[in-house]
Amino acid sequence: MKKHARSARTDGAAPDPGGPQDPNRADPTATSNPGDPRSSRIASIGQAGIGHACSEAALPRRHHAALAGVFILALALRLIYLAGQAAHNPTFDAPIMDMRVHHEWASQFARGEPMRAIADKPYFRAPLYYYTLGVVYHLFGAKVWIGRVFGCALGAASCYLIARLGSRLEGFRVGLVAGVLAAIYWPLWYFDAELKTVGLEVFLDLLLLLALLWAARQRRTGWAYALAGLMWGLSAITRPNVLAVLPGITLWLFATLRDSDWRGSLKRTATATGWLLAGAAVAILPVTLRNAIVGREFVLIASQGGVNFYIGNNPYNADGFTAVVPGTRPGWWEGFEDTHRIPEIELGRKLTEGEVSAYWSAKSWDWIAKNPGAWVRRLLYKLALFWTPVEVSNNQPIDFFAGLSGLSWAMWIGFPVVSVLALAGLTCIWSNRREWLLPLMFMVLYMGTVVLFFCPGRYRVPVVPVLMILASLALVRITGWIRERRIPRLIGAGIAVALGAMLMAMNPAPDGDRKAFARIGEAEGQAILASHYTETEDGGTPDYARASEHMAKAVALRGDDAYLRWRYGAVLARCGEAEKAEEQFKLGAALAGRVKDAEPLFRYGQFLASQRRWTEAAAQFEGALAMQPAYADARSALDAARRAAREAADSDEAIETYRQSLAAAPNDTPALLKLGGALIRRGRSAEAIAPLERALTLAPGDDAIRQASAEAYRRTARFADALRVLEPAVVEDRSGALLTAAAWLLATAPDDALRDGRRAMTLAKRAQQLSGPDVPQILDALAAAHAELGEFDKAVEVAHRAADLAAAQGKGSLSVSIRSRGDGYREKRPFRDSTDAGGETTDGHP
């Protein structure tokens, strides 16, 4: 009889291990009502061998109880995991990055307060998760542990839904195995216990798939598809990626609703799709209206799409998972601010959220258009990364922090096991291919949205339920084939499993191999723990000794990481170990160029400033700005360091030190220049002339000495002498700064015999060629030359451009001075240098 049973299966699918009496499958040839227009469709599906999905109404009570038991098992395992985290994870009540922001937003909503950064702007992130968490906080208290317990309960409910979906697709046994697999799948323990959107995404996506399968079986489908659309819309306002599955849903609807009347099939598909869209609009429209009313611009759901697209498609981020815009600071809010500041500086105006998104999108498309081959290679790399055997994070290392639960011994059912078995499951779905079209299209299209952007592990989680059901199908079928001794089928399944395992083994971790990846993750985890002990909240006392221990472990694991080096330096500085701290800061600064990260330079500069080593600090801030021009904190720190350096260099003590040095070594040109510069800045330019003239005699080719000497003459109203000093440099045409100084004098000297507007303009334009078109001082001299020639409209235009540039570069006083001169040009008054009562000129031009 076994031989007869095998030969009777011509569709290649194994019989359900439950036998023909298994109530999990509907009779593929049954029709409920000959007059029902759906009956012919059901009959045709049965004849094609693709209509045997489970009828949920047919499940006996014990099966429903078993599926409910999946929820209990999943919740119990998650609470055990959560208890381990509470006992062993120091950051349990102090989440970081996305989790911290979600907790803060939810807490603010629960208290009725406006949410930071989005109170009067469009949402830049889809809002449903933190509003849902806010409701939970309002009901039960705004505690981190409450949010974690809520996530675990939601995750357990998703395990139950996975079991229900598996039952509907392939019968009770497959559903039950899928639910248990989801319950023991350790990455879901981790994600469900974190304050992240992914748990709600998975829950709503499963409801969407179940609702669509249910709607396809309803006699009056409009409201049923609208309900499915509502689930779709709710999922979209949790993570908008899910909107991209519409083509797959439409294709499945057509395959499900089609018959011999193609025109009628298309009409039914269009009608069902319309109801689906209408249901989605119920969820999405309030968000869009809120963005339009409160944020005063049209944003469908969230404005972050352009930024995220650039993160995954640019010439710099090559790892495929780092969620930081190149050139921005790594902090959560700092990075957010920089994504706005960078385009606003470049475009010279304030931008709306939509314009910021469009700016970054345009940069991505420009790179793609110029480098299509590199982009395709990047996409293929991210596709491989999507299927990597490790859990890649962009917030905190997943394996490290999950291991703090004390359940590492139980964390063996993960992505590799599920995906390898899922490949074998794909060989078992042909007989039910029409129903499987929906989850498979969902998986493929959703995966495409992740690959198009960037691929940390949490973004692939929404497709894992489909893989779990496929894996469970493979397990159920393989056990049946073993019992029935269906050797050819077992060989085929074995080949599929071996192929999947080989592909998984050949797909390396992001950093080359799994050991290196684990070492990097542990180093990052140690650094996060160190930050926890240094960045205490609620008035707690920092524990720098423990932080130092964690950072020592981190740099021992990964000594070539610039971030870890400066973090260790900062902790050592707090511990009072300045020499050791500087060593770490230096190492971090040396590594910064390799990773194009300005922060190690900035942090080293801060350390040097704390040691009152202003000149050295300014050099580090300059390096940070050269690497990241929009780094506002580095800009302000550089200005402060320069002021402090000038004050220190210009003090009476410093001047006396320079004089004593010159008494011992009269021909020390650096000391002569320092003395002259200090006297100029102290308003004693007349005293500065002698040491600077001597320095110029000793080093006539030194542009800095020549410029300082000319400035001393200018400030004492000796304009002819200033031009005399500058003339050799003008003739040699070698320095944009000296040409600018000469152009300024030729355009603004009070003596009519010295002014030459035409030559001033020539020198200013030549200075632009040497130094660039966007130097405010050059444009200031050019505007003065235009005014000297009577070209006042042009002078106003150039002056205002110079003032805007100076302001954008943080040179506020220069900007004010240039704008004042521009006002004079508007009144047809050329600018003239003058001297104050103390004999110093007061033009404001450096």
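The values are calculated or read from the model by the stated rules, or taken from the named source; none is laboratory data. Keep in mind the model is a prediction, meaning the values are calculated, not measured. Because the Cβ atoms are built from the backbone with ideal geometry, glycine has one as well, and the counts that use them run over all protein chains shown. Note: accessible area is taken over every heavy atom of the protein model, side chains too, but ligands, DNA and RNA are not part of it. Shrake-Rupley method; radii C 1.70, N 1.55, O 1.52, S 1.80 Å.
Please verify whether residue 363 is of a type in the set (D, E, K, R) and either surrounded by 20 or more Cβ atoms within 10 Å (Cβ to Cβ) or within 17 Å of the chain's Cα centre (by Cα) (or both), treating the condition exactly as stated. Quick ask: steps written out before the conclusion?
Values: of a type in the set (D, E, K, R): yes; either surrounded by 20 or more Cβ atoms within 10 Å (Cβ to Cβ) or within 17 Å of the chain's Cα centre (by Cα) (or both): yes.
Considered against the rule, which asks whether it is of a type in the set (D, E, K, R) and either surrounded by 20 or more Cβ atoms within 10 Å (Cβ to Cβ) or within 17 Å of the chain's Cα centre (by Cα) (or both), residue 363 comes out as yes.
So for segment 510-528 (the condition being touching a helix residue (DSSP H, G or I) at 6+ places or on another chain (Cβ under 7 Å), outside any helix (DSSP H, G or I), more than 30 Å from residue 585 (Cα to Cα) and open to solvent by less than 40 Å² (accessible area, probe 1.4 Å)), does at least one residue qualify? Steps first, please.
Start the filter on segment 510-528 by keeping residues that are touching a helix residue (DSSP H, G or I) at 6+ places or on another chain (Cβ under 7 Å), which leaves 510-511, 518-519, 521-523, 525-527.
The next check asks that each one be outside any helix (DSSP H, G or I); those that pass are 510-511.
Narrowing further to those that are more than 30 Å from residue 585 (Cα to Cα): none.
Within segment 510-528, none of the residues are touching a helix residue (DSSP H, G or I) at 6+ places or on another chain (Cβ under 7 Å), outside any helix (DSSP H, G or I), more than 30 Å from residue 585 (Cα to Cα) and open to solvent by less than 40 Å² (accessible area, probe 1.4 Å).
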Note to self: Going by what's in this entry, would residue 137 be described as crowded, with 19+ Cβ neighbours inside 10 Å, within 28 Å of residue 524 (Cα to Cα) and among the hydroxyl-bearing types (Ser, Thr, Tyr)?
What the structure shows: no
Next item on the list: Output the residues belonging to segment 280-291 that are surrounded by fewer than 22 Cβ atoms within 10 Å (Cβ to Cβ), in contact (Cβ under 8 Å) with a residue 12 or more places away in the chain and either more than 25 Å from the chain's Cα centre (by Cα) or over 24 Å from residue 204 (Cα atoms) (or both).
Entry: 281, 282, 283
Margin query: Please go through segment 160-188 and give me each residue that is of a type in the set (A, V, I, L, M, F, W, C) and open to solvent by 10 Å² or more (accessible area, probe 1.4 Å), ordered by number.
Written below: 161, 172, 176, 177, 180, 181, 184, 186, 188
Next item on the list: Would you mind finding the one in 232, 145, 189 that is more than 30 Å from residue 410 (Cβ to Cβ), of a type in the set (Phe, Trp, Tyr) and out of contact with any strand residue (DSSP E or B) (no Cβ under 9 Å at 6 or more places or on another chain)?
Entry: 232
Margin query: Being of a type in the set (A, V, I, L, M, F, W, C) and open to solvent by less than 10 Å² (accessible area, probe 1.4 Å) is the filter here; which residues of segment 747-769 pass it?
Written below: 747, 749, 760, 764, 767
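May I ask you to say which residue of 451, 418 is at pLDDT 90 or above and under 22 Å from the mean Cα position of the chain (by Cα)?
Exactly one residue qualifies, and that residue is 451.
Yes/no matrix, rows are residues, columns are (1) more than 38 Å from the chain's Cα centre (by Cα); (2) closer than 30 Å to residue 621 by Cβ; (3) not β-branched (Val, Ile, Thr):
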{"position": "731", "(1), (2), (3)": "yes, no, no"}
{"position": "759", "(1), (2), (3)": "yes, no, yes"}
{"position": "804", "(1), (2), (3)": "no, yes, yes"}
{"position": "808", "(1), (2), (3)": "no, yes, yes"}
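Matching residues to (1) closer than 30 Å to residue 177 by Cα; (2) out of contact with any Ser or Thr (no Cβ under 6 Å at 6 or more places or on another chain); (3) assigned to a loop (DSSP other than H, G, I, E, B):
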| site | (1), (2), (3) |
| --- | --- |
| 369 | no, yes, no |
| 375 | no, yes, no |
| 380 | no, yes, no |
| 384 | yes, yes, no |
| 389 | yes, yes, yes |
| 422 | yes, yes, no |
Margin query: Filter segment 565-583 down to the residues that are surrounded by fewer than 23 Cβ atoms within 10 Å (Cβ to Cβ) and more than 22 Å from residue 594 (Cβ to Cβ) and list them by number.
Written below: 573, 574, 575, 576, 577, 578, 579, 580
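Select from segment 688-702 the residues that are of a type in the set (A, V, I, L, M, F, W, C) and closer than 19 Å to residue 730 by Cβ and write down the one among them that is surrounded by the most Cβ atoms within 10 Å (Cβ to Cβ). Before the answer, list the steps.
Filtering segment 688-702 down to residues of a type in the set (A, V, I, L, M, F, W, C) leaves 688-690, 692, 695-696, 698-699.
Add one more test, that the residue is closer than 19 Å to residue 730 by Cβ, and what stays is 692, 696, 699.
Numbers: 692: 28, 696: 22, 699: 17.
Once the filter is applied, the top-ranked residue is 692.
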Check: Counting just the residues of segment 776-808 that are part of a helix (DSSP H, G or I) and without any contact (Cβ under 8 Å) to a residue 24 or more places away in the chain, which one comes out surrounded by the fewest Cβ atoms within 10 Å (Cβ to Cβ)?
Finding: 793
Next item on the list: Residue by residue through segment 594-626, note down the ones that are assigned to a helix (DSSP H, G or I) and in contact (Cβ under 8 Å) with a residue 60 or more places away in the chain.
Entry: 599
Notebook entry, point to check: Looking at segment 471-492, is at least one residue buried (at least 16 other Cβ atoms within 10 Å of the Cβ), within 18 Å of residue 391 (Cβ to Cβ), of a type in the set (Phe, Trp, Tyr) and touching a residue at least 12 places away in the same chain (Cβ under 8 Å)?
Noted result: no
Checklist line | Whichever residue in segment 610-624 is buried (at least 21 other Cβ atoms within 10 Å of the Cβ) and either of a type in the set (A, V, I, L, M) or modelled with pLDDT under 85 (or both) and, among such residues, is nearest to residue 570 (Cα to Cα) | finding: 617
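Under the condition of being of a type outside the set (A, V, I, L, M) and at pLDDT 95 or above, which residue from segment 202-228 is surrounded by the fewest Cβ atoms within 10 Å (Cβ to Cβ)?
Initially, segment 202-228 is screened for residues of a type outside the set (A, V, I, L, M), giving 203, 205, 214, 217-223, 225.
Pick out the ones that are also at pLDDT 95 or above and you get 203, 205.
Values: 203: 20, 205: 29.
Here the residue is 203.
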Margin query: Looking at 363, 382 in this structure, which one is touching a Leu at 6+ places or on another chain (Cβ under 9 Å), within 29 Å of residue 299 (Cα to Cα) and of a type outside the set (A, V, I, L, M, F, W, C)?
Written below: 382
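For residues that are among the hydroxyl-bearing types (Ser, Thr, Tyr) and surrounded by fewer than 21 Cβ atoms within 10 Å (Cβ to Cβ), scanning just segment 534-564, find the one that is modelled with the lowest pLDDT.
For segment 534-564, the residue satisfying everything is 536.
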Next item on the list: Could you figure out which of (1) under 29 Å from residue 567 (Cα atoms); (2) open to solvent by 30 Å² or more (accessible area, probe 1.4 Å); (3) aromatic (Phe, Trp, Tyr) isn't true of residue 298?
Entry: (1)
